[in-house]
1. Taking K9 as the anchor, which aspartates and glutamates have their alpha carbon closer than 13 Å to its alpha carbon, excluding any fewer than eight residues away along the same chain?
2. Under the classification rounded if a/c is under 1.5, otherwise prolate if a/b is larger than b/c and oblate if not, where does the stretch 193-258 fall, given a ≥ b ≥ c as square roots of the Cα gyration tensor eigenvalues?
3. Among P253, S237, H272, whose Cα projects farthest towards the positive end of the dipole of the stretch 150-277, with charges put on the beta-carbon of Lys, Arg (+1) and Asp, Glu (-1)?
4. Using only the alpha carbons of the chain, what is the convex hull's orientation-averaged projected area in square nanometres?
5. Computed FRET efficiency, Cβ-Cβ of R249 and Y72, R0 35 Å: what is it to the nearest 0.05?
6. Can you tell me how much longer the chain between E284 and N41 gets when fully stretched, taken as 0.36 nm per residue apart minus their C-alpha distance, in nm with one decimal?
7. According to a simple spin-label model (label point 7 Å from Cα along Cα-to-Cβ), what is the distance in nm between K191 and D267?
8. Rounded, prolate or oblate: which one fits the stretch 174-226, using the alpha carbon gyration tensor with axes a ≥ b ≥ c (rounded when a/c is under 1.5, else prolate when a/b beats b/c, else oblate)?
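Throughout, read-outs are computed from the coordinates displayed, never taken from laboratory work. As the structure is a computational prediction, the values presented were derived from the model and not from experiment. No Cβ is skipped: glycine too gets one built from the backbone with ideal geometry, and neighbour counts run over all protein chains shown.
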Amino acid sequence: MVPERLNLKGRDFLSLHDFTAEEILAMIELAEELKEKQKWNVPHPYLQGKSLGMIFQKSSTRTRVSFEVAMYQLGGYPLFLSAADLQLRRGESMADTARVLSRYLDGIVIRTFAHNDVKELAEYASIPVINGLTDLLHPCQVLADLQTIKEKKGQLSGLRLAFVGDGNNVCHSLMFGCAKVGIDIAVATPKGYEPDEQIVYLAKQDALKHGASINITNNPVEAVKDADVVVTDVWASMGQEAEKAMRVRDFAPYQVNEKLVSHARPDYIFLHCLPAHRGEEVMEDIIDGPNSVVWDEAENRLHSQKALLAMLL
Ligand code: CP
Ligand code: NVA
């Protein structure tokens, strides 16, 4: 049995906005506990006999591998469902796919383009649906990011985080995650690449409740000033390949380099969800430097998703 926690059984995980601070902190605590258990080879087969389907309509290294291994380590069974092979590709609806998969599986992870597709899948599935990334949000990434920040800084509430780059899926989920746990977040993007207004509005409401602030700016130095955590992401996300050349031009002043991080606190940590493009959104000496924690961040995808699966399934 999974240790006694808040009861999240049966819930979908589409956005961190749908969860309370208490629930998010409980997921992080369980992630820390499971990380220790794995380290000391303490068995934790909480999902014996359970199966997780994983639908991927976009590429993935970390999300796919960490969810597969997570299920294996929890005693369950992961099934990778390539979008190219499913009947979805030939026009079967999300609703019908959801109804059918619910008869076989105990949970579904989906990575796709339109956030509405994930919502539709969740609406028609009778089992938990986990958002493994959409064009709008990437909540699994931010759960691991919060675990990593807590691990490195010993706290969440009261810290200052700067996100520099595109107002994209990772940025949106970071705003929700930070707002819930009381981290002040500053987002710096070029003009025209700001985060979605509706997400900013909702995140600001969350922030207000938890004594955190959200600052959206076009000035990267202002965002990074005195930051404890500096985060960036690719300039062109999956699906935006055609805009790559234009984006490389527009985002050049938003590169995370020595000069920019000189404005952060001396003990700042650097996060990047990966994959990274060295020489574009981040310079090599930063991502491979002493303040970077990106490999621990990537590892924590496994531990935090094990916690998530154990609690939802
Ligand atoms: N960070 C992340 O989600 O990586 P993948 O695209 O490799 O899954
Ligand atoms: N913003 C990136 C994240 C990849 C994990 C993308 O959507 O491609």
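1. Of all the aspartates and glutamates, those that pass the test against K9 - Cα under 13 Å, at least 8 places apart if same chain - are E23, D106.
2. oblate
3. H272
4. 15.2 nm²
5. It comes out at approximately 0.20.
6. That works out to 84.0 nm of additional length.
7. Modelled inter-label distance: 4.0 nm.
8. Since a/c reaches 1.5 but b/c is at least a/b, the shape of the stretch 174-226 is classed as oblate.
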